[in-house]
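The values are calculated or read from the model by the stated rules, or taken from the named source; none is laboratory data. Small disclaimer: the values here were computed from a predicted structure and weren't measured. Every residue, glycine among them, receives a Cβ derived from its backbone with ideal geometry; neighbour counts consider all protein chains shown.
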Amino acid sequence: MSSDQTKEDKPLPPPETGEVDGILMTKVISQEWDRIWSFQARPDDLLIASYAKAGTTWTQEIVDMIQNDGDLQKCHRANTFDRHPFIEWVLPPPFNSGLELALKMPSPRTMKTHLPVQLLPPSFWEQNCKIIYIARNAKDCLVSYYHFSRMNKMIPDPGTWEEYMESFMTGRVLWGPWYEHVKGWWKAKDKHRILYLFYEDMKEDPKRELRKLLRFMEKDLPEEIVDKIIYHTSFDVMKNNPMANYTTLPLSVMDHSISPFMRKGPPVANTKSSQRSRDIRTTDRGRTRSLDSARCSRQAGTPPPVCPLTGASTGMPGDWKNHFTVGQNERFDEDYERKMADTSLTFRTEI
């Protein structure tokens, strides 16, 4: 969808789903799959890949500022989705699609994808393109994806929290199972030019992770520009940047009154629910083990909490504790350990 189409509020047709090699996609993507699969990458393309709601837009803004040497005017030239086309995102007419934007874009291109590694168009491997992959722990990714699905009219309604949690665990969500997605890209990094980043690491030390990006992108920027990039890609700045927060899209596409695209609430330690919570110990695999009981204060059958200031759920690492019941947490952990037992990949569920 291009920026010139964001001003007019025309209802979208109800979203339908299809499949591509067993992976759930929107119906339009599945119908246009041959065109997506045959997409021709170029040697100087840069691709930003992730599972949905893993910090993609954040990474896109950082990358764009690096490419433009911290020049804000250049970085505000267009919406994120116009600057970095979403290569598999196809919309019905009259809307433009990310695929069409990417095909028309001159080199060098920076693009985005949520495709699992096995569905990436082969030309990206053939052209030896650089790829930046951003991964986020499963529990917080689930929470963020749930709220995103509630406000985004281009994707199917998630149902209740309990229903969506089941869908996520079984991989019946758009772009397929989180588990196979993060593991597939983790394995691919050993053979291809892939920089694998973690959302939690970026939150913990943004300058350290930005320097990884600079090395990977073969850029050298002075310290004052690095600091400028960190400031302007912080949550508090980005949430007020209409070129990054998706507020230019009409209400019929994204309803920010349901849940803002960029969500943030009070830190878990300051919420009433966490004051009632008990201690939790987190292993390097991201499984949570209770000391008295899991630090999950919500009772079964009650809706996930929202930020009292914005009406949105929190989005910081560890927000999952405000959504999972004790029983849900224990069941999720058991399932997680089975599915992640065959990989060296580990995640932190809080920082």
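Could we say that Ala41 is touching a Phe, Trp or Tyr at 6+ places or on another chain (Cβ under 8 Å), of a type in the set (Gly, Ala, Ser) and part of a strand (DSSP E or B) here?
It is false that Ala41 is touching a Phe, Trp or Tyr at 6+ places or on another chain (Cβ under 8 Å), of a type in the set (Gly, Ala, Ser) and part of a strand (DSSP E or B).
Say whether the condition of being touching a strand residue (DSSP E or B) at 6+ places or on another chain (Cβ under 8 Å), within 29 Å of Phe216 (Cβ to Cβ) and modelled with pLDDT of 95 or more is met by at least one residue in the stretch 2-18.
Initially, the stretch 2-18 is screened for residues touching a strand residue (DSSP E or B) at 6+ places or on another chain (Cβ under 8 Å), giving 15-18.
Right, trim to within 29 Å of Phe216 (Cβ to Cβ) and you get none.
Within the stretch 2-18 (the criterion being touching a strand residue (DSSP E or B) at 6+ places or on another chain (Cβ under 8 Å), within 29 Å of Phe216 (Cβ to Cβ) and modelled with pLDDT of 95 or more), the answer is no, since none of the residues qualifies.
Which ones in the stretch 70-101 are within 18 Å of Ser30 (Cα to Cα) and of a type in the set (A, V, I, L, M, F, W, C)?
Listed by number, the residues that qualify are Phe86, Ile87, Trp89, Val90, Leu91, Phe95, Leu99.
If Ser123 satisfies every condition in (1) small (Gly, Ala, Ser); (2) crowded, with 22+ Cβ neighbours inside 10 Å; (3) modelled with pLDDT of 95 or more but one, which is the exception?
(2)
Could you check the stretch 148-182 and list, in sequence order, the residues that are touching a residue at least 40 places away in the same chain (Cβ under 8 Å), closer than 18 Å to Pro14 by Cα and not in a loop (DSSP other than H, G, I, E, B)?
Scanning the stretch 148-182 gives Phe148, Arg150, Met151, Asn152.
Looking at the stretch 131-138, can you tell me whether even one residue there is of a type in the set (S, T, N, Q), in contact (Cβ under 8 Å) with a residue 40 or more places away in the chain and within 24 Å of Ser30 (Cβ to Cβ)? Quick ask: steps written out before the conclusion?
The initial filter retains those residues of the stretch 131-138 that are of a type in the set (S, T, N, Q), namely 137.
Applying the additional criterion that residues be in contact (Cβ under 8 Å) with a residue 40 or more places away in the chain yields 137.
Cutting the leftovers down to within 24 Å of Ser30 (Cβ to Cβ) gives us none.
Taking every residue of the stretch 131-138 in turn, none turns out to be of a type in the set (S, T, N, Q), in contact (Cβ under 8 Å) with a residue 40 or more places away in the chain and within 24 Å of Ser30 (Cβ to Cβ).
Does Thr59 satisfy the condition of being under 20 Å from Pro116 (Cα atoms) and touching a residue at least 40 places away in the same chain (Cβ under 8 Å)? Break it down stepwise before answering.
Values: under 20 Å from Pro116 (Cα atoms): yes; touching a residue at least 40 places away in the same chain (Cβ under 8 Å): yes.
So Thr59 passes the test.
Is it the case that some residue within the stretch 66-77 is under 17 Å from Met111 (Cα atoms), in a loop (DSSP other than H, G, I, E, B) and of a type in the set (S, T, N, Q)?
Within the stretch 66-77, one or more residues are under 17 Å from Met111 (Cα atoms), in a loop (DSSP other than H, G, I, E, B) and of a type in the set (S, T, N, Q).
May I ask you to list the residues in the stretch 109-137 that are under 15 Å from the mean Cα position of the chain (by Cα) and not aliphatic (A, V, I, L, M)? Show your work before the answer.
Just the residues of the stretch 109-137 that are under 15 Å from the mean Cα position of the chain (by Cα), to begin with: 111-116, 132-137.
Answer for the stretch 109-137, where residues must be under 15 Å from the mean Cα position of the chain (by Cα) and not aliphatic (A, V, I, L, M): Lys112, Thr113, His114, Pro116, Tyr133, Arg136, Asn137.
Residues Lys191, Lys187: which one is modelled with pLDDT of 95 or more, among the basic types (Lys, Arg), out of contact with any Pro (no Cβ under 8 Å at 6 or more places or on another chain) and not in a helix (DSSP H, G or I)?
Numbers: Lys187 fails: not in a helix (DSSP H, G or I).
When all the criteria are applied, what remains is Lys191.
For residues that are assigned to a helix (DSSP H, G or I) and of a type outside the set (A, V, I, L, M), scanning just the stretch 126-141, find the one that is surrounded by the fewest Cβ atoms within 10 Å (Cβ to Cβ). Talk me through it step by step, then tell me what you get.
We begin by selecting, within the stretch 126-141, every residue assigned to a helix (DSSP H, G or I); these are 126, 138-141.
Subset that is of a type outside the set (A, V, I, L, M): 126, 139-141.
Numbers: Glu126: 11, Lys139: 28, Asp140: 27, Cys141: 24.
The selected residue is Glu126.
Output the residue which, of all residues in the stretch 160-213 that are touching a strand residue (DSSP E or B) at 6+ places or on another chain (Cβ under 8 Å), of a type in the set (Val, Ile, Thr) and closer than 21 Å to Tyr336 by Cβ, is surrounded by the most Cβ atoms within 10 Å (Cβ to Cβ).
If we take residues in the stretch 160-213 being touching a strand residue (DSSP E or B) at 6+ places or on another chain (Cβ under 8 Å), of a type in the set (Val, Ile, Thr) and closer than 21 Å to Tyr336 by Cβ, then Val182 is surrounded by the most Cβ atoms within 10 Å (Cβ to Cβ).
Specify the residue that is surrounded by the fewest Cβ atoms within 10 Å (Cβ to Cβ); the eligible residues are those in the stretch 103-120 that are within 20 Å of Pro177 (Cβ to Cβ) and β-branched (Val, Ile, Thr).
Val117
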